[in-house]
Amino acid sequence: MKRKCKTCGRTVGQYAYGGGNGWRTHYEQRVGKIAKDRWLQATSQYNSEYLEHEKKVVWEIPNNPNSHALFCRTKCMETYLEQMNETIDRLPNLINV
């Protein structure tokens with residue numbers, strides 16, 4: 001069974017968004033002295049670390065083998081997020097899970 005885009009209903013192809021292998025797993029965020037601790041706390045479940053020489057917090061998100069591609073294009077993903085904003089807002093924050 002082919003998966004359909006959650007926004008427009010098109011078939012979700014190989015380069016889909018919202019799950020599967022389409023997400024990056026390595027992230028970096030340049031931070032200042034004050035924001036550094038907040039970023040480290042927010043990403044601590046992903047074994048984040050602060051690179052002093054680069055002034056960056058870096059972390060890796062492990063692959064979720066149960067995730068599915070949900071959208072055919074970034075604009076469909078953004079449209080869905082905007083339309084479902086109030087529902088998403090009621091979900092727990094990842095740092096609280």
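The values are calculated or read from the model by the stated rules, or taken from the named source; none is laboratory data. In this text the structure is predicted, and so the values were computed from the model without any measurement. Here the Cβ is made from the backbone with ideal geometry for all residues, glycine too, and neighbour counts use every protein chain on show. SASA here: full protein model, heavy atoms, side chains in, ligands and nucleic acids out. Shrake-Rupley method; radii C 1.70, N 1.55, O 1.52, S 1.80 Å.
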Check your understanding: So what is the relative contact order of the chain, in percent, for Cα pairs below 8 Å that sit 6 or more residues apart?
Key -> 37 percent
Check your understanding: Distance in nm between label sites at Arg90 and Thr11, each 7 Å beyond Cα in the beta-carbon direction?
Key -> 3.5 nm
Check your understanding: Applying the Karplus parametrisation 6.51 cos²θ - 1.76 cosθ + 1.60 with θ = phi - 60° to the phi angles of region 59-73, what ³J(HN,Hα) value in whole Hz is obtained for each residue in order, glycine and proline being reported as x?
Key -> 7, 10, 9, x, 5, 9, x, 9, 6, 10, 5, 10, 9, 8, 9
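So, with a 1.4 angstrom probe, what is the percent of accessible area on the chain that is carbon and sulfur?
50 percent
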Check your understanding: How large is the convex hull of the Cα atoms of the chain per residue, expressed in Å³ as a whole number?
Key -> 133 Å³
Study note, to complete from the structure: Computed, not fitted: 222 nm per-residue ellipticity of the chain from DSSP H runs ≥ 4 (each -39500 (n - 2.57)), nearest 500, equal to -7500 deg cm²/dmol
